[in-house]
Structure formats: C-alpha cells, structure tokens
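Engineer: Please read through the structure below; I'll follow up with questions.
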Amino acid sequence: MRRRAGKMRHLGLSNLNVRELNEARRIAPIVSVQNEYNLQNRAADDVLAACEKACLVFIPWFPLGAGRALRSAKVKRFAARRGVTPAQVALAWLLARSPVMLPIPGTSSIAHLEENASAALLRLTPEDLAALG
Ligand SMILES: NC(=O)c1ccc[n+]([C@@H]2O[C@H](COP(=O)([O-])OP(=O)(O)OC[C@H]3O[C@@H](n4cnc5c(N)ncnc54)[C@H](OP(=O)(O)O)[C@@H]3O)[C@@H](O)[C@H]2O)c1
C-alpha cells in the first residue's frame, strides 16, 4: 500500500527464515534481508544462500558479533599475522563470504569507523578463508 502510494521505494525484511522469505516474496518484491550473521554465528547460512539465488542484498546484523567475534583467539592470531585488526578480519571475512553481503558495523568511535571502513581493502584468499574456518 505505502509502496504503491510512493511513500516507500524498497522493502527489506529482518529476522526471517527461508520459508518466511519465500512467502514474503510471493506477496511483494523484497530487496534485502537483515539477519544476524558473523564469523561466530552462521545460523543464517541458508538464508544467505537464498538471497544469493534471488539476488537480494543480505545485511548481516551484529557483523562483529557485538564485539564478541573480535575476542576469538583464532581471529586475533590471524589478524596479528596479517598486521590488521580483528574487526577488519571479521568484516573482510563477511565481504569475501558473498557478493550480496552488506555489513553494517556499529561503533561510537571515529577511529573504529575508519578502521572498519578500511576493512573493505583487505582481500582474503581461499586459504585465508579456510584458515578462518
Ligand atoms: N535487525 C535486527 O534485529 C538487529 C538487531 C541488532 C542489531 N541490528 C543492527 O546491526 C547493526 C550493528 O549492530 P551493533 O552495532 O550492535 O553490533 P556490531 O556491529 O556487531 O558490534 C558493535 C560493537 O563492536 C564494537 N566495535 C566496532 N568496531 C570496532 C573495532 N574496529 N574494534 C573493536 N571494537 C569495535 C563497538 O564498540 P565501539 O563503539 O567502542 O566501537 C560495539 O561494541 C546496527 O545497525 C543495529 O541497528 C539489527
């Protein structure tokens, strides 16, 4: 209704499973899905795959696991070896994970904002991705 009235251009949904996504897509065109997803919580892998198949943007909320993904010993070791920060590894991993991935990290700090933005320049190889599990 609001879309037809020109009050909203695109529809995005949050926190849904594949069945709900398919059901919603039968009702209206959906452009994006926002579910929790990060290095430590990949429960939405099937939703991500469905988004890839349908060319929908997947927005992982808690891309840094609300800070928890940065405390992983594996991520810390990997970051130290590459001379980057754990946050950059967590974000680069997301970007490498799928072409439809659009991470939205939150921060209250300009330094973290700059650090997080430059994660887009960090390229992870297939070997890196395997090392991160
Ligand atoms: N759709 C939903 O149901 C839903 C649910 C939850 C969240 N969200 C959305 O998801 C987005 C992200 O959520 P979020 O901000 O809670 O989680 P997040 O991005 O996973 O983590 C943010 C936390 O990580 C820290 N952080 C950020 N950059 C860092 C860095 N470079 N180094 C170290 N720590 C860093 C922040 O602390 P500093 O402030 O110190 O940087 C903050 O404590 C938000 O837009 C939120 O609205 C959506």
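Engineer: Going by how many other Cβ atoms sit within 10 Å of their own, how do E52, E23 line up, fewest first?
Structural biologist: Numbers: E52 14, E23 11.
So the residues, fewest neighbours to most, are E23, E52.
Engineer: OK, next. So, in nm, how far is label A117 from label D46 when the simple model puts each one 7 Å beyond its Cα toward the Cβ?
Structural biologist: 3.9
Engineer: Would you kindly compute the Cα radius of gyration of the chain and its largest Cα-Cα separation (Dmax), both in Å?
Structural biologist: 16.2, 53
Engineer: Hey, another quick one. K53 label point, 7 Å along Cα→Cβ, cut-off 20 Å on backbone N: hits in the range 82-115?
Structural biologist: 97-102
Engineer: How big is the charge dipole of the chain about its Cα centre, in debye rounded to the nearest 20, if each Lys and Arg gets +1 on its Cβ and each Asp and Glu gets -1 on its Cβ? Walk me through the numbers on the way to the answer.
Structural biologist: Values: 19 positive and 10 negative charges, 57 e Å.
Roughly 280 debye for the chain.
Engineer: Report, in deg cm²/dmol and to the nearest 500, the calculated mean residue ellipticity at 222 nm for the chain, where each DSSP H run with n ≥ 4 adds -39500 (n - 2.57) and the sum is divided by the residue count.
Structural biologist: -12500 deg cm²/dmol
Engineer: Using a basic spin-label model with each label point 7 Å from the Cα along Cα→Cβ, how many nm lie between A73 and R3?
Structural biologist: In this crude spin-label approximation the distance works out to 4.8 nm.
Engineer: While we're here: When a footprinting reagent is the concern and you count Cβ atoms within 10 Å, what order do V57, V75 take, fewest first? Please list the in-between numbers first.
Structural biologist: Details: V57 15, V75 23.
Sorted ascending by nearby Cβ count, the order is V57, V75.
Engineer: Then there is this: For the chain, find the longest principal axis of its Cα atoms and tell me its angle to the long axis of helix 18-27, 0 to 90°, nearest 10.
Structural biologist: 40
Engineer: Mind ordering 84-93, 28-37 by average Cβ neighbours within 10 Å, highest first? Could the numbers behind the result be given before it?
Structural biologist: Working: 84-93: 23.3, 28-37: 17.7.
Ranked from most to least packed, the peptides come out as 84-93, 28-37.
Values in this text are rule-based calculations from the coordinates and carry no lab data. Not measured: the values here are computed from a predicted model. Here the Cβ is made from the backbone with ideal geometry for all residues, glycine too, and neighbour counts use every protein chain on show.
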